[in-house]
Amino acid sequence: MDHNFLSALILLLLVLDPFGSLPIFISVLRGVPPERRTRVAVREVMIAFGVLLVFMFTGRAFLDLMHLSERSLEVAGGVILLIIAIRMIFASGGEIYAAGTGREPFIFPLAVPLLAGPSAMATVLLLASRQPERLIEWVGALSAAMLVCGAVLLAADRLRRLLGDSMVSAIEKLMGLVLTAIAVEMILAGLKRYFFG
């Protein structure tokens with residue numbers, strides 16, 4: 001399944017799921033003084049961006065080191081995305097990473113694993129390994145997706161008040177449905193490449 005800039009951006013936004021993560025953003029940042037929230041949000045987004053960039057640029061070397069084929073990565077990435085999508089559709093997930101409230105988050109849980117989680121790592125690794133000649137496009141798509149995540153993180157309280165709980169939940173379920181189809185397509189593409197070259 002080949003991608004272009006726009007489809008990669010949409011895929012990354014679906015995987016990062018900034019709107020579905022609004023409840024987690026709010027609960028984790030609740031213990032941070034209001035005057036430091038902007039600085040913390042920007043720092044966590046930059047850390048997540050750095051982690052995903054490392055995975056993007058070292059993807060090919062990682063696959064070679066571990067003797068993994070692109071087909072196995074595609075199927076594994078599809079399975080991970082499918083699990084994430086099912087969780088988005090059927091679970092609320094707002095309390096998963098909320099244990100660290102009361103202190104300022106650093107790397108965990110906002111940067112890793114909420115933003116730069118296993119599904120996002122697998123996605124950037126897959127993009128870079130499948131079409132390495134378009135690496136600049138993937139960096140651009142990742143940059144744009146992280147900017148959106150940063151904007152949502154900075155405006156989390158206002159967005160939640162504006163949209164309401166039911167709308168946030170509906171957006172998360174819709175993103176989960178689209179991500180399910182993408183995950184199944186990735187699995188089928190990997191299996192097709194494995195069986196039919």
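The values are calculated or read from the model by the stated rules, or taken from the named source; none is laboratory data. Since we're looking at a predicted model, the values are computed, not measured. All Cβ positions, glycine included, derive from the backbone under ideal geometry; neighbour counts span all protein chains shown. Side chains are part of the model used for accessible areas, which takes the heavy atoms of the whole protein and leaves out ligands, DNA and RNA. Shrake-Rupley method; radii C 1.70, N 1.55, O 1.52, S 1.80 Å.
Accessible surface calculations at 1.4 Å, restricted to protein heavy atoms, place the chain at 50 Å² per residue.
Relative to the longest principal axis of the Cα atoms of the chain, helix 70-90 runs at roughly 30 degrees. From helices alone, the chain scores -24500 deg cm²/dmol at 222 nm; the rule is -39500 (n - 2.57) for each run of n ≥ 4 DSSP H residues, then divide by the residue total. Label-to-label distance for Tyr194 and Met66 is 1.5 nm, based on points extended 7 Å past Cα in the beta-carbon direction.
The portion of the accessible surface of the chain made up by carbon and sulfur, rounded to a whole percent, is 70 (1.4 Å probe; DNA, RNA and ligands excluded).
Where is the GNM fluctuation largest for the chain (alpha-carbon springs, 10 angstrom cutoff): Ala120, Ala151, Ala111? Of Ala120, Ala151, Ala111, the Gaussian network model singles out Ala151 as fluctuating most.
A simple spin-label model places the labels of Arg158 and Met46 2.2 nm from each other, with each point 7 Å out along Cα-to-Cβ.
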